[in-house]
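The structure under discussion appears below in the form of structure tokens.
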Amino acid sequence: MEPGLEEVSNPDVLVVGGGPAGCAIAIGCAQLGLKVVLIESKPFPRTHPGETLHPGVEPLLKQLGVFEPVLAAGFLRHKGNWVQWEAGSEFVPFGEDDSGAWLGFQAWRADFDAILLNQARGLGVEIIQPCHASSLVMDGCRVIGVETSQGTFRAAKIIDAAGDHHWLAQQLGLQIQYHSPRLIAYYGYVTGECPVRDHAPAIAADFCGWTWTAKVRLQLYQWTRLSFVDEKIPKDWLPDEFQGLKIYQPMRAANVTWRIVSQPAGYGYFLVGDAAMVLDPASSHGVLKAIMSGIWVSHAIAWELLGNLTEQQAIDQYCLWIHNWFRHDVKNLSSLIAKLPNPPFWI
Ligand SMILES: Cc1cc2nc3c(=O)[nH]c(=O)nc-3n(C[C@H](O)[C@H](O)[C@H](O)COP(=O)(O)OP(=O)(O)OC[C@H]3O[C@@H](n4cnc5c(N)ncnc54)[C@H](O)[C@@H]3O)c2cc1C
């Protein structure tokens, strides 16, 4: 602890990370009357990839009480995606019902994550930001607290919602199970006009992998490239349709190797969102999974603290749920990749 910092308030739940997973669990716990502290290392607004949300996110946003502010934010909406996988390009709509076509969101993450964090704050969650979690406080094999740049916190439950670097798993030395070779996704943003991409995102397969392109804001487009061969991508690489547009954010890389933490819950802790499991963005549900895992765990914690569930039952049920979900997604993603023109050997 830095000199001058003291041990601070002890909540029921301490959440590390203010992305969709951390906010969802903080909101869920606060809605159920628990005392929550959320620490986030970066000041908001902060940029983050992962804008495209399937319409299936709507009921979750309603449950968290953020559907109206998300609508009011005016994010771009789309009716489906262009898919060029085995053969020619075809438009795949999300579907429709009596009220019309189902619409996805291009939720600009700086704004979307700020909406979620504001909702948590409004429900009484104590947000400490910027505040960096450095190490765990243990009592035997139980996680009981976190040392941070703003002091030491103790809580009945510690939540790792700090994203894909598996902070808590690394601290505890938990096993991470890999289900693909190392996969690196490259991504970037360009500004200008690309009318062909204005109405819906597209995913296009080629001999080496796939490329995703989407309009994410007015005059702003995003691309992601995943290659299954050792492809050297020049720093100024752009998908063909974005040639001539101006680079807004230089190319970045993310480790999207398919992986899951063997024990995503244990004595005193839960891992939610990317902290628990990661798949490459072709699975396209990272934010939805982050929110759903956060909501699930908020209910498990409330039930456990009310005495309706033992700690061991909560741990076992969550681990089973996360592993089943991951296995299901791996199966679907594998059969999608098997249909590529040149599928990788490990599929
Ligand atoms: C290129 C790319 C494209 C993607 N596209 C999509 C998409 O279109 N749709 C989709 O649904 N998903 C997409 N994803 C996946 C999506 O980005 C993630 O699944 C999602 O952001 C996970 O949310 P999270 O809350 O678990 O973690 P994050 O959103 O990563 O949030 C973690 C938070 O924890 C904070 N933090 C980290 N360490 C600490 C610490 N030590 N102390 C305190 N705070 C800390 C971080 O600052 C961050 O704010 C994409 C991913 C990539 C790499």
Open item on the list: Looking for something more than 13 Å from the ligand (Cβ to nearest atom), modelled with pLDDT under 95 and farther than 25 Å from His165 by Cα - is there at least one such residue anywhere in the range 228-235?
Closed with: yes
Task: Given (1) more than 15 Å from the ligand (Cβ to nearest atom); (2) surrounded by fewer than 16 Cβ atoms within 10 Å (Cβ to Cβ); (3) part of a loop (DSSP other than H, G, I, E, B), number of the condition Leu34 does not satisfy - done: (2)
TODO: Would you please list the contacts, defined by Cβ atoms under 8 Å and residues six or more apart or on different chains, that run from a residue in the range 20-42 that is farther than 14 Å from Gly273 by Cα to a residue that is among the aromatic types (Phe, Trp, Tyr) and more than 9 Å from the ligand (Cβ to nearest atom)?
DONE: Val37/Phe153; Ile39/Phe153
TODO: Select from the range 194-228 the residues that are of a type in the set (Val, Ile, Thr) and in contact (Cβ under 8 Å) with a residue 40 or more places away in the chain and write down the one among them that is nearest to His78 (Cα to Cα).
DONE: Val216
TODO: Out of the residues in the range 14-61 that are charged (D, E, K, R), more than 11 Å from the chain's Cα centre (by Cα) and at pLDDT 95 or above, state the one that is nearest to Leu305 (Cα to Cα).
DONE: Lys35
Open item on the list: Against the condition within 22 Å of Pro181 (Cβ to Cβ) and more than 16 Å from the ligand (Cβ to nearest atom), how does Pro343 come out, does it pass?
Closed with: yes
TODO: Being out of contact with any Pro (no Cβ under 8 Å at 6 or more places or on another chain) and either of a type in the set (Lys, Arg) or within 21 Å of Ser89 (Cβ to Cβ) (or both) is the filter; apply it to the range 205-235 and report the residue that is surrounded by the fewest Cβ atoms within 10 Å (Cβ to Cβ).
DONE: Lys232
TODO: Would you mind stating whether Val137 is at pLDDT 95 or above and in a strand (DSSP E or B)?
DONE: yes
Task: Val196, sole failed condition from (1) part of a helix (DSSP H, G or I); (2) under 21 Å from the mean Cα position of the chain (by Cα) - done: (2)
Task: Yes/no for Leu309 being more than 16 Å from the ligand (Cβ to nearest atom) and either assigned to a loop (DSSP other than H, G, I, E, B) or among the basic types (Lys, Arg) (or both) - done: yes
Task: strands (runs of 3 or more DSSP E) (entirely within the range 148-191) containing at least 1 residues that are touching a Lys or Arg at 6+ places or on another chain (Cβ under 9 Å), more than 13 Å from the ligand (Cβ to nearest atom) and more than 24 Å from Thr47 (Cβ to Cβ) - done: 176-178
Open item on the list: Being within 28 Å of Gln249 (Cβ to Cβ), within 14 Å of the ligand (Cβ to nearest atom) and either part of a loop (DSSP other than H, G, I, E, B) or in contact with an Asp or Glu (Cβ under 6 Å, 6 or more places away or on another chain) (or both): is that true of Gly18 here?
Closed with: yes
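For every residue, the table says whether it meets (1) more than 11 Å from the ligand (Cβ to nearest atom); (2) closer than 24 Å to Val83 by Cβ; (3) touching a residue at least 24 places away in the same chain (Cβ under 8 Å); (4) assigned to a helix (DSSP H, G or I).
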residue: Ala282; (1), (2), (3), (4): no, yes, yes, yes
residue: Ser293; (1), (2), (3), (4): no, no, yes, yes
residue: Ile301; (1), (2), (3), (4): yes, no, yes, yes
residue: His323; (1), (2), (3), (4): yes, no, yes, yes
Open item on the list: Condition (residue is over 19 Å from the mean Cα position of the chain (by Cα) and within 16 Å of the ligand (Cβ to nearest atom)) applied to the range 254-270: is it met by at least one residue?
Closed with: no
Task: Selection count where residues are more than 14 Å from the ligand (Cβ to nearest atom) and either out of contact with any strand residue (DSSP E or B) (no Cβ under 7 Å at 6 or more places or on another chain) or closer than 14 Å to Lys42 by Cα (or both), scope the range 102-147 - done: 9
Open item on the list: With the structure loaded, tell me whether Leu238 is surrounded by 15 or more Cβ atoms within 10 Å (Cβ to Cβ), among the aliphatic types (A, V, I, L, M) and assigned to a loop (DSSP other than H, G, I, E, B) or whether it fails that test.
Closed with: yes
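The values are calculated or read from the model by the stated rules, or taken from the named source; none is laboratory data. This structure is a prediction, so every number in the text was calculated from the model and none was measured. Backbone-built Cβ (ideal geometry, glycine too); neighbour counts: all protein chains shown.
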